[in-house]
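Here the structure comes first, spelled out in structure tokens, and everything after it is commentary.
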Amino acid sequence: SWINIIQSLSTSLGSYSWIIPNTPSNNCRVRISNVNYPDTNSISNNIFRIYKVSTDSCPGIPNINYSGQTYNTIAIGDQCWLKENLNIGTMINVSIEQSNNGTIEKYCFSNDSANCSIYGGLYEWNEAMRYATTEGIKGICPIGWHIPTWNEYLILLSNVANNGLDLLAAGQGLGINASGFSAMLGGISYQGAFQSSSTYASFWSSTNYDTLNALNFEL
């Protein structure tokens, strides 16, 4: 079905600005017809989406001040999340193993601290968990928050109809940030090397897959 944007317009104007209607859809196109010959028309090739970008912070918790930085909150369904990736701790070179030494350690992509400011820190699972294995533990999170469980990630996905692009910040790959989650594709560190900046991100869960591995959430 088609919604009429404007009844008619002189082609001599060359363009027309219009307000996106409040009609969410995943299958939108634009059609231009000849007012005298309606069957003569042109339809846009590319499909686009109309969606509402979530801007609702968590009830009573608009933001969190943690380790000298401010993190905004976002309510997605019945869950409360931090919008930005955590960036806390002391930067160490990727050639050095993060260890249980009482100091929170992080990697910054390409060993460049500026990348931590953009994408957040990169943490090994044990470091993120603060060397515990309890599901839902606080880990390196602020007081009152915790490393998400695998089930919580599944609920998050269900709240965005399993569309990971809704969770990516606009401009990150094909991300559209419809959820307000604002995930950044900060890449990963693996076996002493950095990989996949701007194309991949991995978020730890606090849920063990087996005795040697934990489940992680990938975008």
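The values are calculated or read from the model by the stated rules, or taken from the named source; none is laboratory data. This is a predicted model, so every value here is computed, not measured. Positions of Cβ are generated from backbone atoms using ideal geometry, with glycine treated the same way; all protein chains shown enter the neighbour counts. Calculation scope for accessible area: heavy atoms of the full protein, side chains included, ligands and nucleic acids excluded. Shrake-Rupley method; radii C 1.70, N 1.55, O 1.52, S 1.80 Å.
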Those cysteines in the chain that have no second cysteine Cβ within a distance under 4.7 Å are Cys28, Cys141
Shape descriptor, region 33-138: equivalent ellipsoid semi-axes (Cα gyration tensor, sqrt 5λ, whole Å, largest first) stand at 44, 20, 13
One finds the C-alpha centres of region 147-209 and region 1-46 to be spaced, in Å, by 36
In order over region 169-180: 3J(HN,Hα) from phi, Karplus 6.51/-1.76/1.60, θ = phi - 60°, whole Hz, x for each Gly or Pro, gives 4, 4, x, 8, x, 9, x, 10, 6, 5, 8, x
With label points set 7 Å from each Cα along the Cα-to-Cβ direction at Thr211 and Trp2, the distance between them in nm comes to 6.6
Amide H proximity to Ala214 below 5 Å, modelled H, separation 5+ or other chain, gives Tyr209
For region 3-75, shape from the Cα gyration tensor axes a ≥ b ≥ c, cut at a/c of 1.5 then a/b versus b/c, turns out prolate
Interchain or sequence-distant (5+) residues whose placed amide H lies within less than 5 Å of the amide H of Ser57 are Ala75
Of every hundred units of 1.4 Å-probe accessible area on the chain, the number belonging to carbon and sulfur atoms, as a percent, is 50
Simple SL model, points at 7 angstrom along Cα→Cβ for Leu9 and Ser42; separation in nm is 1.3
Taking placed amide H atoms and a strict 5 Å upper bound, the residues 5 or more places from Ile140 or on another chain that come that close are Arg130
Per GNM of the chain with C-alpha springs under 10 angstrom, the most fluctuating residue out of Thr55, Thr23, Thr133 is Thr23
Packing-ranked peptide list from 102-110, 58-66, highest mean Cβ count within 10 angstrom first, is 102-110, 58-66
Note: Thr70 to Arg49 extended length (0.36 nm per residue) minus current alpha-carbon separation gives 4.4 nm
accessible surface per residue for the chain, probe 1.4 Å, DNA/RNA/ligands not counted, whole Å² -> 60
By the C-alpha gyration tensor axes a ≥ b ≥ c (rounded if a/c is under 1.5, else prolate when a/b exceeds b/c, else oblate), the shape of region 130-219 is oblate
Applying the gyration tensor rule to the Cα atoms of region 96-172 (axes a ≥ b ≥ c; rounded if a/c under 1.5, else prolate if a/b exceeds b/c, else oblate), the class is oblate
Quick calc of log₁₀ I(q)/I(0), the chain, Debye, one scatterer on every Cα, no solvent, q values 0.11, 0.16 1/Å, result -0.64, -1.10
Label model pair Ile96, Asn162: point-to-point distance (7 angstrom along the Cα→beta-carbon line) in nm is 4.4
